[in-house]
Amino acid sequence: MSVTAPSEQEVGVRETAERIVNDFAIQVATVNGSGSQTANLVLLRSIFQMGVPVSGKNMFPSNIAGLPTWYTVRASSKGYVARKKENDFLVAMNAETAKEDVMTLSPGAAVVYDEPLKLNELRKDLIFYPVPFDKLIAPVTTDAKLRRLVRNMIYDGVLSRLLSIDMGQMEKALRKQMGKKEKAIALNMNALKAGFDYADANLPKRDPFVVEPMEGKTDGMILIEGNAAAAIGCMMAGVTFVGWYPITPSSSLCESLIDYLKKYRKDPETGKATYAVIQAEDEIAALGMVIGAGWMGARAMTSTAGPGMSLMAEFTGLGYYAEVPAVIFDIQRAGPSTGLPTRTGQQDILSTAILSHGDTKHPMLLPASVNECYTMAQEAFDLAERLQTPVFVMSDLDLGMNTWMSKPFDYPTKGFDRGKRLDDERLKQVGEFARYRDVDGDGIPYRTVPGDGLPPFFTRGSGHNEKALYSERADDYTNNLNRLSKKFDTARTLVPKAEIDLAGRGGVGIIAYGTSHWALIETRDQLKNEQKLDTSYFRLRGYPFSKELFDFIDAHDRVYVVDQNRDGQMWSLIKLECNPQQVAKLRSIKHYYGLPIDGRSLTTELLKQE
């Protein structure tokens, strides 16, 4: 975008301005496949180890190698972890994007760049730090391939000097990343030191950004990706069957789970695996296997993304109508069709709620944090068996593939909820087993599984009566659908409860879910501090909706629903269950350009509508 350059005097004022401590965003622009991920994670972890809250956002291309990649590290003394709209410090390592990257910065930002790019000629209102990367890496190693990979560590060393990031913490983070690979550690440490020494000797500090140690903000916390957290949750939930097909951005969930299962789920006497994993030929087959395993009584799951969800529609309908438990993780990305495979969004909400043809409605869990990826994974298996139906965990690329801070996960203390599994005692009480009979008035029937010695039944996706016999009778069909609807109403009391923060009756309320939560925290602070506008907040954590959602709408004059999609999918889903007075109060805020949602954009849009 065009920028009006200030005078040299104005630049000088900026360079000597008051320090900005632990409150800025660093964007590193590199090339996919260049080995920058190690350097970026070392940078993130170093700041984290100094006690400063951080978040890392990776924007990468959907090819194997060679296209531009951007990684953003945000440091925030206030604990904000959503994406920051403005980048304050740029590391420009990609000649293809360097000019555009520089031109999008706000005046006063700082730029570390590869010296031959001569980026300092583009603008006069930025602070430039040229670094001869090729010259500095030459003494570190003579291996051409290693030079290409290790040169990224030089910018970590430069940033360590410019931003006052403790080099001891850099080394600690590097060792955490590299494990026991001492030769690789030594090589990377030499590159780190080369960058630090060059900055110390040649780059006098001219920007206001600095990292200072903090206490109490990150003590005892961990860094982890949401997909890895969900995988641990699945293992703790007792998963015994995984049927999956690779697709970005969900693949790392099952890949992580497989690693954990290999390590922790072996029979102590025989050494044999106590689980089964099958990589299917496609997403259709993957869910078909999961449905089959769930019918057998296994705790079974799969993970996928938007295109896979489309393929899973028919088997989802079978699971719903035949009433078979299954857990499906949807790590949402930007669609439609192939869309933007490596960009984030909440683009499958409406389609998943009613996935498959005919009258179907499915429970969805809506995690906002890596901790909830862990806990909701466990809840999903319990709910699937309690409700005897497919249950969807609706994560997204931002949560699933990016690195987040979290308190350590709690070890589960309660047993599994296996739902209404018939046993001899219960069979005596009901007198006669009818697979689809509503015995308790909650819409949930009792079930048996093969091999348990209890009455069998024929499972079918075609019309059936309460005894599971084939039927095309109108009353059998309507009775069955009505019972399924009653079961869905029962689910309203079982899905995770919303988190509600009321500022009082009347005024503005905000409804959000998933990763929008972190931007909403910042937006509410901005509205309060800058506009003196107090807002109430309803964080959805599960679907179907509970009565509390509609009470929240009734209690406010205007209610904004925040979606990371073009069509306001959650807004639309809520309106389906509202009366006309409630619908009139609802307004939609939509964010759908593939980047993680940020607080400033939300604030701007809400004030525009206000």
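The values are calculated or read from the model by the stated rules, or taken from the named source; none is laboratory data. Every value quoted in this text rests on a predicted model; they were computed, and no experiment measured them. A quick note on method: Cβ atoms are made from the backbone with ideal geometry, for glycine too, and the neighbour counts reach across all protein chains shown. Quick note on the areas: whole protein, heavy atoms, side chains included, nothing else; ligands and nucleic acids left out. Shrake-Rupley method; radii C 1.70, N 1.55, O 1.52, S 1.80 Å.
Placing +1 on each Lys and Arg Cβ and -1 on each Asp and Glu Cβ, with no other charges, gives the chain a dipole about its Cα centre of roughly 620 debye. Annotation for Asp267 and Asp567: the two label points, set 7 Å from Cα along the Cα-Cβ direction, are 4.9 nm apart. Stokes-Einstein at 20 °C, 1.002 mPa s, Kirkwood radius from Cα pairs: D for segment 115-163 in µm² s⁻¹? The estimated diffusion coefficient comes to 176 µm²/s.
The alpha carbons of segment 424-492 occupy a box of 31, 28, 19 Å along the principal axes, longest dimension given first. Rg over Rh for segment 283-348 works out to 1.02, both radii taken from alpha-carbon positions and Rh defined as the Kirkwood radius. Stretched out straight at 0.36 nm per residue, the stretch from Lys99 to Lys118 would grow longer than its current Cα-Cα span by 5.9 nm. For Val508, the shell of other residues with beta-carbons less than 9 Å away shows a net charge of -2, using +1 for Lys and Arg and -1 for Asp and Glu.
Please give me the summed charge of the neighbours of Tyr245: other residues whose Cβ is under 13 Å from its Cβ, Lys and Arg +1, Asp and Glu -1. The answer is -4. Size of the chain: Rg and Dmax of its alpha carbons, in Å, are 26.8, 90. Taking Asp143, Asp359 and ordering them by how much accessible surface each has at a 1.4 Å probe, largest first, produces Asp359, Asp143. About its Cα centre, segment 499-609 has a charge dipole of approximately 220 debye under the convention of +1 per Lys or Arg Cβ and -1 per Asp or Glu Cβ, with nothing else charged.
Hydrodynamic analysis of segment 499-609 uses the Kirkwood radius over alpha carbon pairs. Inserted into Stokes-Einstein at 25 °C and 0.890 mPa s, it gives a translational diffusion coefficient of 176 µm²/s.
So for segment 16-120, Kirkwood radius off the Cα pairs, Stokes-Einstein at 10 °C and 1.306 mPa s: how many µm² s⁻¹?
Details: Rh = 14.4 Å.
Translational diffusion coefficient: 111 µm²/s.
For segment 424-492, the share of accessible area belonging to carbon and sulfur comes to 49 percent (1.4 Å probe, ligands and nucleic acids excluded).
Identify, among Pro130, Leu549, Met570, the residue whose Cα sits farthest towards the positive end of the charge dipole of the chain, taking +1 on the Cβ of Lys and Arg and -1 on the Cβ of Asp and Glu, with the dipole about the Cα centre. Value: Pro130. For segment 349-503, the Kirkwood hydrodynamic radius comes to 17.9 Å, computed from all pairs of different C-alpha atoms.
Modelled label positions at Glu548 and Tyr593, each set 7 Å beyond Cα in the direction of Cβ, lie 3.5 nm from each other.
With a probe of 1.4 Å, find how much accessible area the chain has per residue, and write the answer as a whole number in Å².
Numbers: 25910 Å² over 610 residues.
For the chain, the per-residue accessible area is 42 Å².
Quick check on segment 20-210: take the gyration tensor over C-alpha atoms, sort the square-rooted eigenvalues as a ≥ b ≥ c, and tell me if it's rounded (a/c under 1.5), prolate or oblate. Rounded is the answer for segment 20-210, as its axis ratio a/c remains below 1.5. Taking a ≥ b ≥ c as the square roots of the eigenvalues of the alpha carbon gyration tensor, segment 224-406 is oblate, as a/c is not under 1.5 and a/b does not beat b/c.
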